[in-house]
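A.B. asks: Before we start, here is the structure in question, set down as structure tokens.
Just so it is clear, none of the values below were taken in a lab; they were calculated from the coordinates. All figures in this text were calculated on a predicted structure; none of them were measured in a lab. Note that each Cβ is placed from the backbone with ideal geometry, even for glycine, and that neighbours are counted across all protein chains shown.
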Ligand code: SF4
């Protein structure tokens, strides 16, 4: 049995995910034909539960009779327009903080700024946000890729993927601030909930023997928390469910175990992990 378990206060679902999931559940209680365009959130176990209640996940836009829920990460402006022109009832569960990013990109673009997003160009949130600037946009993951910014651009607007580490964003901004000939507009689109999770998880990881980060393999914020913890504690492991721990061959006996979880991880998965740890 683990000697001690330290659970991060900030572990688990954020308000954006909570709202998307509870709204899907309400819709499923009211009607039979409920769809989400793309996975509603990045947690396979929650999606399985919603699918068991009748949710169907669409991987392309279809003109469905019924309700289509727009996922928490948002979609492109073209997809949004197509969905809204169809016969379906649309319930937009794009998180307000992701909406802020989309509006920031749109506003910068409309005001003549070349938009620079610091984030992962393959993430659905960024694919959606990017569409608000047509093609006047550069996406870099971090400072090392800043050379991708076209040299001739003189008005630069910088925003961030909501879930990247704060430092990654500000390193880029601070470098740009040193370039004299550009007009720089910075809009902070980072999510505080994720920032708190990252800070707390790293603090816990410093003091424990083993750090577990619970969350979907497809959840980029969970992967980011895991990476940050692993940088200071090599005994950090990301799991979706406690069942996966046996594959890792970890001996918990008399160990101090820290736990954090990504923004899509439901409370029941965290509780199940703790219950199992008590017996491991
Ligand atoms: S992690 Fe932050 S930005 Fe993403 S859905 Fe949750 S509250 Fe919104």
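A.B. asks: Return the whole-Å distance between the Cα centroid of segment 223-242 and the Cα centroid of segment 184-219.
C.D. replies: First find each Cα centre; the distance between them is then 10 Å.
A.B. asks: Could you tell me whether the chain comes out rounded, prolate or oblate from its Cα gyration tensor? Rule is a ≥ b ≥ c as square roots of the eigenvalues, rounded for a/c under 1.5, then prolate if a/b exceeds b/c, otherwise oblate. Please report the intermediate quantities before stating the final value.
C.D. replies: On the way: a/c = 2.79, a/b = 1.19, b/c = 2.35.
It is oblate, given that a/c is not under 1.5 and a/b is not larger than b/c.
A.B. asks: In what sequence do 121, 42 fall when counting other Cβ within 10 Å, fewest first?
C.D. replies: Details: 121 15, 42 27.
The order, fewest Cβ neighbours first, is 121, 42.
A.B. asks: Using the Cα gyration tensor of segment 194-280, with a ≥ b ≥ c the square roots of its eigenvalues, what is the shape: rounded (a/c below 1.5), prolate (a/b larger than b/c) or oblate (neither)? Intermediate results must be reported in sequence, preceding the final value.
C.D. replies: Working: a/c = 1.61, a/b = 1.17, b/c = 1.38.
Verdict is oblate for segment 194-280.
A.B. asks: Related question: Which shape class, rounded, prolate or oblate, goes with segment 76-207 when its Cα gyration tensor gives a ≥ b ≥ c as root eigenvalues, a/c under 1.5 marks rounded, and past that a/b bigger than b/c marks prolate? Spell out each step's value before the answer.
C.D. replies: Values: a/c = 2.36, a/b = 1.13, b/c = 2.09.
Here segment 76-207 falls in the oblate category.
A.B. asks: Follow-up. For segment 15-95, place one equal point scatterer on every Cα, skip the solvent, and apply the Debye formula. What is log10 of I(q)/I(0) at q = 0.19, 0.21, 0.27 Å⁻¹?
C.D. replies: Those come out to -0.72, -0.90, -1.48, one per q.
A.B. asks: Could I ask something else about it? For the chain, what does the helix formula give at 222 nm: sum of -39500 (n - 2.57) over DSSP H segments with n ≥ 4, over the residue count, nearest 500 deg cm²/dmol? Display every interim value, and only then the final one.
C.D. replies: Details: 10 runs with 114 residues, N = 280.
Value at 222 nm, helices only, nearest 500: -12500 deg cm²/dmol.
A.B. asks: Using a Gaussian network model on the chain with a 10 Å cutoff between Cα atoms, which of 21, 166, 158 fluctuates the most?
C.D. replies: 166
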